[in-house]
Amino acid sequence: MRPFFLMILCFATACATPAPAGGTYVAPAGGTDSGAGTTADSGTGAVSDTASVGPSKGDDTKNTAAIESKGETGTATQVKANKPATAADTKNRMLGGANAGKILSLFVSDGTSVLVVTVDTDKVDVPGTFPVGGPNSEAWVSLTQAAPIPGVYNSKDKGTITLSNCPEKPGVAIVGSLNDVVVYNDAPIAGADKQKTLKGPFNLVYQGGASALTCRVPFTQPVDAGGTAKDAGSTGGGKLSMFKKPAGSTCSSEACDGGANVTRNCCKYGECLSVCFGSCAEEIVACAMGCGADATCGAGCSAKTYTCFDSCPEKCKVDAGCKAGLTTLNKCLKDKCPEDSDACAYAKCCGEIKGAW
């Protein structure tokens, strides 16, 4: 098994083949499958179901929404829905969620108005809360109203969207809300509002689509009784044990200050990547157990798992600067540490470790 450093580096570079479309996130060690299509974050980054990244807690059988629409005069109406989820309603852009590549579209219709929320999951963190922009931006909202006065409204730059989970397979409810999103009518007819403010919750069942969404792996740093961030699996006084340099190392650098620094360079991604790696390791164990003594089968499991590893940077939104540092460190490790050990990494790639971590 490769050491932590090299595994993380493989995730962010070309050590593995690209992850296939439609790949799923598998629960890391300690995760449990609830079987209900929901996901619970334990506070250590562990995810308990492969259906969704982030805590859904939604109704996977219904499309529901209650979006208040308030015009300039203060008059408020609602775009409401409460209907069993069907693929036909989503295909007709009436109710539910679907995707084309990384673009997620959510639909709410009540017969007189159609609300569409569009999110590029490759550019914003989902699950999460993020600002809206204009049409064809990273995240935007449109409202087409047929009655009482027709009009087409689009967001520009005011308000936010919250998505509490990111579906990784069809049939999972996406739970979220619009938070004071202002939409504008650039060519209003007589009597129509020039702008409206939208807010309210929704529960929309995802029906799938082409390719797969980019789902961010959520991580909540646990804290001890005194409010100090610490590693849930470490007894090292609040430091992340996975970053501790080997005893006797003369390297002046210690990755992420031994885990105490969770903001420097790649450190902010360390926990997310380790959680993702844990899920991939769990996957290879499950796969290998089914192979018995079949070496070919075992090799196939390893290849599959490294494909899983390679999807982790995308899930964790690793930035270009971090990736460049990891690439430099990875080259050093490949050239100088064929034995794949942390001791060798600290002995021969000390400066590169400092540059990345």
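No value in this document is a laboratory result; all are computed from the given coordinates. Given the structure is predicted, the values throughout are model-derived calculations rather than measurements. Neighbour counts are summed over all protein chains in view; Cβ atoms, including those assigned to glycine, are modelled from backbone coordinates with ideal geometry.
Ordered by the count of other Cβ atoms within 10 Å of each Cβ, fewest first, Phe107, Phe130, Phe202 give Phe130, Phe107, Phe202.
What is the calculated FRET efficiency for Thr162 to Ala187, with r their C-beta to C-beta distance and R₀ = 25 Å, to the nearest 0.05? Numbers along the way, then the final one.
Values: r = 30 Å, r/R0 = 1.20.
Here the calculated transfer efficiency is 0.25.
For the stretch 62-210, the calculated P(r) over all alpha carbon pairs, in 10 Å bins from 0 to the bin holding the longest distance, is 12, 46, 34, 8, 0 percent. Here r is the Cβ-Cβ distance between Ala324 and Asn179 and R0 is 30 Å; the resulting FRET efficiency, rounded to 0.05, is 0.25. Here Lys169 is the anchor, and the lysines within straight C-alpha reach of less than 26 Å, apart from those fewer than 8 places off in the same chain, are Lys57, Lys62, Lys80, Lys83, Lys91, Lys102, Lys123, Lys304, Lys315, Lys317.
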